[in-house]
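J.: Below is the structure I would like to discuss, written out as structure tokens.
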Amino acid sequence: MIGNRSASAQLSRLASRTACGFALACALGGSTGLADGIEPGLWQVISRTQTGGVIGPPHESSKCLTAQDVADLAATFSPASRTVNSTCAPIERSLSGSRLSWRLTCRGQLDMEMTGEFNFDSPRHYMATVQSKAAMGSTPMLDSQENIEARWLSACPQ
């Protein structure tokens, strides 16, 4: 029984990290554009993950966004549904002014629901929350929430 609990705990941590990593990759993988646009350039992105009530340390990264990158908020900051042994429904998206929200659900070996709320409050700043819930079989995994804040730093290095 102890071995099964340990394997289950490891599987839960792996699924939770996978969901968090997927959420963060989606958020960092692209860029945006509003009516006024966000500026292309080098962006500092700081994320904080909360899983099972435990808040992890901040993770800092940077991303260079081109003019082409910042042309489409919805496409750039929505996740791509790349799964193995699961089928994902089409992404539900809503872009209204400076706010983008999306929802992705996948069913199969790993059932997962992810939601994202982005607020592009200025051409050089945005904040986002990405939440994920997952279950393997009928066993729920730890839910996670990624809080993201990004600031424009400079033009992209040549």
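J.: How would segment 107-158 be classified by its alpha-carbon gyration tensor: rounded, prolate or oblate, with rounded meaning a/c under 1.5 and the a/b versus b/c comparison settling the rest? Working shown, then result.
T.: Values: a/c = 4.04, a/b = 2.76, b/c = 1.46.
Prolate.
J.: Arranged from highest to lowest average of other beta-carbon atoms within 10 Å per residue, in what order do the peptides 42-50, 60-68 appear? Could you put the intermediate results ahead of the total?
T.: Values: 42-50: 17.7, 60-68: 13.3.
Peptide ranking by packing, descending: 42-50, 60-68.
J.: For 70, 84, 130, what ranking results if the residue with the fewest other Cβ atoms within 10 Å of its Cβ goes first?
T.: Values: 70 21, 84 7, 130 26.
Neighbour counts put them in this order, fewest first: 84, 70, 130.
J.: I would also like to ask the following. Modelling each spin label as a point 7 Å along the Cα-to-Cβ direction, I'd like the residue 86/residue 158 distance in nm, to one decimal.
T.: 4.5 nm
J.: Please arrange 146, 117 by how many other C-beta atoms lie within 10 Å of their C-beta, fewest to most. It would help to have the intermediate numbers written out before the result.
T.: Numbers: 146 26, 117 14.
Going from sparsest to densest Cβ surroundings: 117, 146.
Where a number appears in this text, it was derived from the coordinates with a stated rule and is not lab data. Nothing here was measured: the structure is a model prediction, and the numbers come from that model. As a convention, Cβ positions derive from the backbone with ideal geometry for all residues, glycine included, and neighbour counts pool all protein chains shown.
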